[in-house]
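The values are calculated or read from the model by the stated rules, or taken from the named source; none is laboratory data. Only a predicted model underlies this, so the values are computations on that prediction, with no experimental measurement involved. Note that we place each Cβ from the backbone using ideal geometry, even for glycine, and neighbour counts take in every protein chain shown. Areas reflect the complete protein model, heavy atoms only, side chains present, ligands, DNA and RNA absent. Shrake-Rupley method; radii C 1.70, N 1.55, O 1.52, S 1.80 Å.
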Amino acid sequence: MLVVAALGGNALLKRGEPLTAEIQRKNVKTAALSLAGIVRAGHDLVVTHGNGPQVGLLALQGASYKPDEAYPLDVLGAETEGMIGYMIEQELENALGHDRPVATLLTQVVVDPKDPAFEKPTKFVGPVYDRDEAERRAAGAGWSIAPDGDKWRRVVPSPKPLEIPDMRVLKLLLGQGVVVVCAGGGGIPVLRREDGSMVGIEAVIDKDAASALLARQLGADALLLLTDVDAVYRDFGTDQSTPLSELTVAEARALDMPAGSMCPKLQAACDFAQDGGFSGIGRLQDAVAILKGCKGTRVSASLVRSPES
């Protein structure tokens, strides 16, 4: 079957780790071993990934050089897609013993310029700061900032993904048996003009939302949202916390989840599963077991399990 696997930010950089190439390479190597297990199980694979820390780092580097000539977020998004895609591609090729071709595709994703997200930035990018430092940087650079746990981070617009114009290329690659790394960081945000031409826009698209759109448009059988939590929990963080192994789309949408990483994952899981196939949420190292229904949380239109593979 065709599997779209979306890597959470922890696959590249765990919270609090320095943004060094060496650390990211080590984490990507670990991620690649789990992804290789999906391919070895006989499935076709498309990999997506986040880029929040990396795009924020590039923005800081650009601002430290010539603030008035800093590159916009769409260009930084393309740069991080290439950087992270290169690491995943290479480590996945190594993990597969170079028996299967792997390619990274810089992926444009169309958004609506009238999306209300442009009026209310919510997407975290870059490193975390103490509140005083975050406010000082925000004042100097014109950022919007918001609390992220006990720290503060820059936030940018995160419009809804509407269309993936590179879909024809993706299907050509998959048709040739290529494992594709694409839509990194939610893809490169672009607008479609009235004449059909496209132009980039300052934003960072949610990776899980873009992955759900990608999986739907590819006609994938499964969407895996891989993170550092083993399942979706009811009453997470309380004494009554309970892991949920299976949910219908209706049950998942009815869950009262706090804003944060799990809320967009559940939304993306439902958006994909409502039209067929199933979504799985769980730990990266459990990817194959999640596909089999043995671990994680499965979201589907009904509670009928997909056959084990």
Can you work out the accessible area per residue across the range 26-73, with the rest of the protein chains kept in place, probe 1.4 Å, in square angstrom?
46
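Mean Kyte-Doolittle of at least 0.5 and a Cα length of 18 Å or more along the axis: which whole DSSP H helices of the chain meet both? Numbers along the way, then the final one.
Values: long enough: 21-40 (28 Å, 0.15); 52-65 (20 Å, 0.52); 73-95 (32 Å, 0.03).
Once both thresholds are applied, what remains is 52-65.
From the Cα gyration tensor of the range 72-199, with a ≥ b ≥ c the square roots of its eigenvalues, which class applies: rounded if a/c is under 1.5, or else prolate if a/b is larger than b/c, or else oblate? Write out the running numbers ahead of the final one.
Details: a/c = 3.19, a/b = 1.48, b/c = 2.16.
Taking the square roots of the gyration eigenvalues as a ≥ b ≥ c, the range 72-199 is oblate.
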Non-local Lys pairs in the chain, i.e. 8 or more apart or on different chains, that have alpha carbons under 13 Å apart:
7
If we count every other residue with Cβ under 14 angstrom of LEU33's Cβ, Lys/Arg +1 and Asp/Glu -1, where does the sum land?
+2
From the Cα gyration tensor of the range 212-280, with a ≥ b ≥ c the square roots of its eigenvalues, which class applies: rounded if a/c is under 1.5, or else prolate if a/b is larger than b/c, or else oblate?
prolate
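Classify the range 151-309 from the C-alpha gyration tensor, please: rounded if a/c falls under 1.5, else prolate or oblate depending on whether a/b exceeds b/c. Before the final figure, lay out the partial values.
Working: a/c = 2.08, a/b = 1.35, b/c = 1.54.
Here the range 151-309 falls in the oblate category.
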The chain, Gaussian network, Cα under 10 Å: of SER34, SER279, SER158, the residue fluctuating most is SER34
Please check: in the Gaussian network model of the chain (C-alpha springs, under 10 Å), which one of ASP150, ASP44, ASP271 has the largest mean-square fluctuation.
ASP150
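If you average the sequence gap of Cα pairs under 8 Å that are 6 or more apart and divide by the length of the chain, what percent do you get for the contact order? Don't skip to the answer; put the middle values down first.
On the way: 656 pairs, mean separation 63.8, N = 309.
Here the relative contact order equals 21 percent.
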Stokes-Einstein, Kirkwood over Cα pairs, the chain, 25 °C, 0.890 mPa s; D in µm²/s equals 125
Excluding exposed DSSP-loop trypsin sites (Lys or Arg not before Pro) (at most 16 other C-beta within 10 Å), longest clean stretch of the chain
194-304
Limiting things to C-alpha atoms, what are the Rg and the maximum Cα-Cα separation (Dmax) for the range 194-233, in angstroms?
14.8, 47
What number, rounded to the nearest 500 deg cm²/dmol, is the helix-based mean residue ellipticity at 222 nm of the chain, given -39500 (n - 2.57) per DSSP H run of at least four residues and division by all its residues?
-11500 deg cm²/dmol
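Please compute the alpha carbon radius of gyration of the range 1-154, then divide it by the globular-protein estimate 2.2 N^0.38 Å. Two decimals is fine.
On the way: Rg = 17.4 Å, N = 154, 2.2 N^0.38 = 14.9 Å.
For the range 1-154, the normalised Cα radius of gyration comes out at 1.16.
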May I ask you to rank ASP132, ASP166 by accessible area, largest first, using a 1.4 Å probe over the protein chains only?
ASP132, ASP166
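In Å², what does the accessible area per residue of the range 180-298 work out to with a 1.4 Å probe?
41
Largest first, how would HIS49, HIS98 line up by accessible area (1.4 Å probe)? Mind dumping the intermediate values first?
Details: HIS49 0, HIS98 120 Å².
Largest accessible area first, the residues go HIS98, HIS49.
For the chain, what % of the accessible area comes from carbon and sulfur atoms, probe 1.4 Å? Can you show the working numbers first?
Values: 7440 of 14490 Å².
That share works out to 51 percent.
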Net charge of Cβ neighbours under 13 Å - reference PRO101; Lys, Arg +1; Asp, Glu -1
-3
